[in-house]
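The values are calculated or read from the model by the stated rules, or taken from the named source; none is laboratory data. Predicted, not measured: the structure shown is a model, and the values here were computed from it. Neighbour counts are summed over all protein chains in view; Cβ atoms, including those assigned to glycine, are modelled from backbone coordinates with ideal geometry. Surface accessibility is based on the protein's heavy atoms, side chains included, excluding ligands, DNA and RNA. Shrake-Rupley method; radii C 1.70, N 1.55, O 1.52, S 1.80 Å.
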Amino acid sequence: PFVLSPFPTVTSPCKILKCNSEFWAATSGSHHLGAEEAPEFCTALRAYAHCTRRTARTCRGDLAYHSAVHGIDDLMVQHNCSKDGPTSQPRLRTLPPGDSQERSDSPEICHYEKSFHKHSAAPNYTHCGLFGDPHLRTFTDTFQTCKVQGAWPLIDNNYLNVQVTNTPVLPGSSATATSKLTIIFKSFQECVDQKVYQAEMDELPAAFVDGSKNGGDKHGANSLKITEKVSGQHIEIQAKYIGTTIVVRQVGRYLTFAVRMPEEVVNAVEDRDSQGLYLCLRGCPLNQQIDFQAVRSAQATEGRARRKGPSLPAPPEAFTYETATAKCREKLPVEDLYFQSCVFDLLTTGDVNFMLAAYYAFEDVKMLHSNKDKLHLYERTRVLTPGNTAPTGTHPALWVALLCLCWLCLL
């Protein structure tokens, strides 16, 4: 049964970040050293491989782990390292003076708008966001509420991978929220080295897992930078070499994600037809989607949240439909899907931080979305499966007219 499970349980103690940090601390700057230092590098590399093997069982669904394993194999070949040999403990090195984090110059190829677009037309930017219970706004401006418990890929293209892990908000509940986020920026030409960013509940670092805040030792390293906006609550990652801005927040205990990315980068995949699931592009699978507007209607009449499957346990703070609506209006005066998702989350979880998550998600849309006429969404975009009821919002009079028409046909 373990082999068949593609992802670890959310409580698995995957230690890949510790392996990464030890290796980078031991080898920072070593690829610039002479051939006489190669044995030392290989020793550190074998220690790195040994560390990943020790944590393999608990890291099977972790993108950072798989990236590290492939990276080790590549480095072994590049440096002619034997897989057999000493694996001494990593030795800390200090970064040399004039480290690349101080560089301010970048070649033109490391600026998307200058290098990717030689014509006069500006790039067409798209937006994707994930927040709350969780609610997903895709690159095509569809809006979905999903279950997606466990680890799921948000973005997967030639330049970066983003994976989120969603965990239950309450014991026995199908309500989930994002508790872990991993972003892998792949090495790109002379601009950036491969970099991994990882955030978890109560841990929103302002640096990559190797401790750096930019793209590494390449000439265009500063085309990838992390900026801390609010300590422990809000970071922004600028990847100018692919024209991409990422915003990660911690609101309450859980994380929110928002990205602005050019369409060209969104669609940069080797084989789109055979590409795996990619939530920001393809949305959540039908069996993972929740018609929260239908649930909202039930909440309004029944006074409590109900979802598919077993009834939810009572939330820690009791919101009625009226009090949840009033609370959400404090931050979201327009009754769009962000407002409706806020009401849904308060009734489902009883956690007022979900109101703030919806508020900040919309603030990120205002900053990142290129089309200001599409900031608000009002229509439910879930595709109904056969056997589901008609879309919410169908006027009752229309159904009466159709029934009358059928009756007249029978006469």
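Taking the conditions (1) among the small types (Gly, Ala, Ser); (2) within 15 Å of Ala239 (Cα to Cα); (3) surrounded by fewer than 17 Cβ atoms within 10 Å (Cβ to Cβ) in turn, Gly215 satisfies each one other than (3). The set of residues from segment 41-65 being open to solvent by less than 50 Å² (accessible area, probe 1.4 Å), out of contact with any Cys (no Cβ under 8 Å at 6 or more places or on another chain) and outside any helix (DSSP H, G or I) comprises just one member, Gly61. Scanning segment 168-182 for residues that are modelled with pLDDT of 90 or more, open to solvent by 20 Å² or more (accessible area, probe 1.4 Å) and more than 9 Å from the chain's Cα centre (by Cα) yields one hit, Pro168.
Among the residues examined, Thr320 does not qualify as at pLDDT 95 or above and out of contact with any His (no Cβ under 8 Å at 6 or more places or on another chain). Looking only at segment 215-229, residues that are at pLDDT 95 or above and aliphatic (A, V, I, L, M) come to 2 in all.
Anything in segment 199-231 that is over 15 Å from Leu255 (Cβ atoms), small (Gly, Ala, Ser) and part of a loop (DSSP other than H, G, I, E, B)? List them, or say none. Correct list: Ala207, Gly211, Ser212, Gly215, Gly216, Gly220, Ser231. Answer yes if at least one residue in segment 274-290 is in contact with a Pro (Cβ under 7 Å, 6 or more places away or on another chain), closer than 29 Å to Leu375 by Cα, open to solvent by 10 Å² or more (accessible area, probe 1.4 Å) and modelled with pLDDT of 60 or more, and no otherwise. Yes: segment 274-290 contains one or more residues that are in contact with a Pro (Cβ under 7 Å, 6 or more places away or on another chain), closer than 29 Å to Leu375 by Cα, open to solvent by 10 Å² or more (accessible area, probe 1.4 Å) and modelled with pLDDT of 60 or more.
Looking at this structure, is Phe188 under 29 Å from Thr140 (Cα atoms), aromatic (Phe, Trp, Tyr), more than 17 Å from the chain's Cα centre (by Cα) and crowded, with 20+ Cβ neighbours inside 10 Å? In short, yes. Residues of segment 38-59 that are under 11 Å from Pro86 (Cα atoms) and aliphatic (A, V, I, L, M): Ala44, Leu45, Ala47. Residues in segment 66-85 that are open to solvent by 30 Å² or more (accessible area, probe 1.4 Å) and touching a residue at least 40 places away in the same chain (Cβ under 8 Å): 4 in all.
Answer yes if at least one residue in segment 362-380 is out of contact with any helix residue (DSSP H, G or I) (no Cβ under 9 Å at 6 or more places or on another chain), within 22 Å of Cys284 (Cα to Cα) and at pLDDT below 90, and no otherwise. There is no residue in segment 362-380 that is out of contact with any helix residue (DSSP H, G or I) (no Cβ under 9 Å at 6 or more places or on another chain), within 22 Å of Cys284 (Cα to Cα) and at pLDDT below 90. If the condition is being touching a helix residue (DSSP H, G or I) at 6+ places or on another chain (Cβ under 6 Å) and farther than 30 Å from Asp351 by Cβ, then segment 197-212 contributes only Asp210.
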